[in-house]
Amino acid sequence: MNKGKLIVIEGSDYTGKQTQTELLVSNLQKIGYKAISFSFPNYASPTGKIIKETYLGKNGSSYFKEGIQNVEPKISSLYYAADRLYNIDIIKEYLTKNYIVVLNRYVESNMAYQGGKIKDIKKRLEMYDWLDNLEFVLLDLPRPNLVIYLYMPYEKICAFKKAKNEEANEDMLRIAESAYLELASIYDYQKVNCFIDETDTLRPIPEMGQEILTKVKKLIEEDENEFK
C-alpha cells in the first residue's frame, strides 16, 4: 500500500506558509517520517521563470499592461497550472516512495486568487469546478490528502506590508481571503489561525507548527488504522 501523503499549506502573503512548510517537514522527520517540501510556483524552473518575469514582472514589468488583477482568470490560471505540470513528476516519485510531501501553495492558490476575481457567485463556483477538472483530472495532478489554510485577516497583512514600506494590494488580499474562506468551507480545508483568538497578538510559530503537526498525524493515523 502506498502511504505517501500530499499536504498543502495555503494562505495569503505574510501568513508564514514557507516557515510552516519547513517546520512541518522538520517535525515529521523528528518523529520518524520521511518528509520533503516543494513550493509553487517553482521559480527555478523554466515555467516558474515565465510566471516570475512574463506574468508577475518581478524583474521589471509584466507583459500584461492591464495589470495581473485584470487578466482573464482562466488565462492566468493556465500559467500556474503549466508550472505544476512541468514540475509534478518529482513530487509523484516521492509519493510512490512513501514520503509525506509538503507543498507551499498548490492548485488551491489558483482557485483562491483566480476564482476570487469573479464576483458572481454562480460563475465563481463554476470557475472552482473548472480548475478542479483542469488540474486534477485533465492534467492528472495528485489531489492533496490535506490542505492547511493559514488564516490572517487581510487588514493585518496590509498593516504588516505598510510597516515595511511594501506595496499592499488591499483589494487583491481581500478578494483572496474571501475566496479562501469559501473554499475552506467547500473543500474542508483545515483552518489554522495566525492570531490568538483573532486579537492583535500573533501566535508563536512553534505553537502553530504543533497544531499543524497534530492535524497531519491524525490524518496519517486514521489511514493506518483503516488498513489494519
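What follows is calculated from the coordinates using simple rules that are stated; it is not laboratory data. Keep in mind the model is a prediction, meaning the values are calculated, not measured. Glycine also receives a Cβ, built like all others from the backbone with ideal geometry; neighbour counts cover every protein chain displayed.
Taking packing as the residue-averaged number of other Cβ atoms within 10 angstrom, the listed peptides 47-57, 99-109 run from highest to lowest as 99-109, 47-57. Per-residue packing, averaged as other Cβ atoms within 10 Å, sorts the ranges 189-196, 80-87, 204-211 into the order 80-87, 189-196, 204-211, beginning with the highest.
So how strong a dipole does the range 1-99 carry about its Cα centre when Lys and Arg Cβ are +1 and Asp and Glu Cβ are -1, to the nearest 20 debye? Spell out each step's value before the answer.
Details: 13 positive and 9 negative charges, 76 e Å.
In total the dipole reaches around 360 debye.
Modelled this way, with points 7 Å down the Cα-to-C-beta line, the labels at residue 54 and residue 200 are 4.6 nm from one another. Here each label is just a point 7 Å from Cα along the line to Cβ, and for residue 3 and residue 162 those points are 5.0 nm apart. Exceedance of the 29 Å cut-off in Cα-Cα distance is limited, within the set 17/97; 30/97; 3/119; 119/156; 122/191; 117/156, to 3/119. Comparing 152, 81, 114 along the charge dipole axis of the chain, the residue lying farthest to the positive side is 81, per the Cβ-charge model. Our coupling estimate for the range 142-158, obtained by passing each phi through the Karplus curve with A = 6.51, B = -1.76, C = 1.60 and θ = phi - 60°, is x, 6, x, 7, 7, 10, 9, 9, 7, 9, 9, x, 4, 4, 5, 4, 4 Hz, Gly and Pro reported as x. Note on the range 60-74 and the range 148-225: Cα centroid distance 26 Å, given to the nearest whole angstrom.
Here the simple spin-label model places points 7 Å from the Cα toward Cβ, and for residue 218 and residue 93 these points are separated by 3.5 nm.
For the chain, the mean residue ellipticity at 222 nm estimated from helices alone is -15000 deg cm²/dmol, where every DSSP H run of n ≥ 4 contributes -39500 (n - 2.57) and the total is divided by all residues, rounded to the nearest 500.
Here the dipole of the range 5-226 is about 520 debye; that uses its Cα centre as origin and unit charges on the Cβ of Lys and Arg (positive) and Asp and Glu (negative).
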